[in-house]
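The values are calculated or read from the model by the stated rules, or taken from the named source; none is laboratory data. Remember, predicted model here, so these are calculated numbers, not experimental data. Because the Cβ atoms are built from the backbone with ideal geometry, glycine has one as well, and the counts that use them run over all protein chains shown.
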Amino acid sequence: MTGLSKAEFESVLRTRLPLLLYASRRLGLDEGATSVEEFIKLPAEHRFDVSVALCGRPDIIDDYLREDPDRLSAEDRALVDGYRHSIHGDFVMLRHLRRHTVLVGGDDTPVAYGVCALPGELEDEFPDPPYMVAMVLLPVGGRITFDGVIIRSPAYFGAGARRGFEQELREAKARLGVVTALPFSRQERPGTDEARLRAMTRSWRGVRENRQAIADIAFRNDALLALYHQRLGELAARDHRKRLREAGVEEGWFATLDGTLVGGGQTREDVERTVGALVPRHRREHVHIYKALGK
């Protein structure tokens, strides 16, 4: 996987650890550490707590830069200044890609993050996602890395939970894509409602598990409502085609409305005439017309 270079990794350690030592003193969390060497010998959970606490204290970064106890270069000052945009939280580590590892985190509206590390670092330590992890994410060189400590939950995820995580990832990508730099804008992409609706209606399971979220989107306007019914029709058509093949029907066109067959014929035009005669005008855009595929 393309990750941080050794030089980038060393720049993070060179700037982040002295800042954390300074912050630990300000916060009364130094445990008597008087140097970076002593600080990094403290338990990882303790160093993580300091890093999390620093995320809510940009004033400490301001004071550190003003006092400049470590005589930072201009390049290192810029890195430290960027740390004010660090974020922390509980994330689901979902997959390792060539460019980054994908995490999904957030409460009501999950966000997908692309996190870089040294090549092979995360794949070796976390070889078979998903994992629930607590991390502090940092901006570095226009990308996102982490704070050197990952607190892993021992939780085991079954097939249902894994499907749920994949659904959250699809929704997060539909809203914002994969976030690869900090800070980032939470302005959703154009067409987000349509993309989210499509993501949540990929399967009957998705429809069931996202019933309320789907309703919140689908009833925003007529176009989204029509898309919702069309998506139900597409799902129903998969089931109907299978049953038609099993019954020996390999030709013809059919129409479904919310999963119910409402017409059939030798041609699409035949079915459209039937739909026009049987289905109320305000529901005709909700009808899905499809062709039997045969064997």
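Conditions (1) free of Cβ contacts under 8 Å to residues at least 60 places away in the same chain; (2) among the acidic types (Asp, Glu), marked per residue:
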{"position": "His96", "(1), (2)": "no, no"}
{"position": "Thr101", "(1), (2)": "no, no"}
{"position": "Gly114", "(1), (2)": "no, no"}
{"position": "Glu125", "(1), (2)": "yes, yes"}
{"position": "Gly160", "(1), (2)": "yes, no"}
{"position": "Pro183", "(1), (2)": "no, no"}
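Condition first: out of contact with any helix residue (DSSP H, G or I) (no Cβ under 8 Å at 6 or more places or on another chain) and outside any strand (DSSP E or B). Now tell me which residues in region 101-116 satisfy that. Show your work before the answer.
Pass one, region 101-116, residues out of contact with any helix residue (DSSP H, G or I) (no Cβ under 8 Å at 6 or more places or on another chain): 103, 105, 107-108, 113-114, 116.
Listed by number, the residues that qualify are Asp107, Asp108, Cys116.
If the condition is being out of contact with any Asp or Glu (no Cβ under 9 Å at 6 or more places or on another chain) and of a type in the set (Asp, Glu), then region 222-262 contributes Glu234, Asp239, Glu246, Glu250, Glu251, Asp258.
For beta carbons closer than 6 Å, sequence separation of 6+ or different chains, a first residue in region 72-86 that is of a type in the set (Val, Ile, Thr) and a second that is in a helix (DSSP H, G or I), the qualifying pairs are Val80/Thr15; Val80/Leu19. Of all residues in region 185-226, those that are hydrophobic (A, V, I, L, M, F, W, C) and surrounded by fewer than 19 Cβ atoms within 10 Å (Cβ to Cβ) total 10.
Just checking: which of the strands (runs of 3 or more DSSP E) contained wholly in region 246-293 hold 1 or more residues that are exposed (fewer than 12 other Cβ atoms within 10 Å of the Cβ)?
Qualifying strands (runs of 3 or more DSSP E): 260-265.
Could you grab me the full set of residues in region 19-67 that are in contact with a Pro (Cβ under 8 Å, 6 or more places away or on another chain) and surrounded by 19 or more Cβ atoms within 10 Å (Cβ to Cβ)?
Tyr22
Looking only at residues in region 142-156 that are crowded, with 16+ Cβ neighbours inside 10 Å and modelled with pLDDT under 90, the one that is farthest from Glu75 (Cα to Cα) is Gly148.
Taken together, the criteria place His100 among residues that are of a type outside the set (Asp, Glu) and surrounded by 19 or more Cβ atoms within 10 Å (Cβ to Cβ).
Looking at Leu182 and the list (1) assigned to a helix (DSSP H, G or I); (2) under 25 Å from the mean Cα position of the chain (by Cα); (3) crowded, with 19+ Cβ neighbours inside 10 Å, which single condition is not satisfied? The failed condition is (1).
When you go through Arg98, Arg66, Arg71, Arg77 one by one, which is the residue that is in the same structural domain as Leu29 (by TED's automatic domain parsing), among the charged types (D, E, K, R), in a loop (DSSP other than H, G, I, E, B) and more than 16 Å from Ala181 (Cβ to Cβ)?
Every option except Arg71 fails the conditions.
Scanning region 131-179 for residues that are in a strand (DSSP E or B) and of a type in the set (Val, Ile, Thr) yields Val133, Val136, Val140, Ile144, Thr145, Ile151, Val178, Val179.
Residue count for region 16-57 under the criterion of being of a type in the set (S, T, N, Q) and under 24 Å from Val133 (Cβ atoms): the result is 2.
If a residue has to be of a type outside the set (Gly, Ala, Ser), touching a helix residue (DSSP H, G or I) at 6+ places or on another chain (Cβ under 8 Å) and either assigned to a helix (DSSP H, G or I) or not assigned by TED's automatic domain parsing to the domain that holds Arg14 (or both) to count, how many in region 35-56 make the cut?
Residues meeting the conditions: 5.
Residues considered: Glu166, Glu209. Of these, the only one that is assigned by TED's automatic domain parsing to the domain that holds Val92, farther than 25 Å from Cys55 by Cα, of a type outside the set (S, T, N, Q) and modelled with pLDDT of 85 or more is Glu166.
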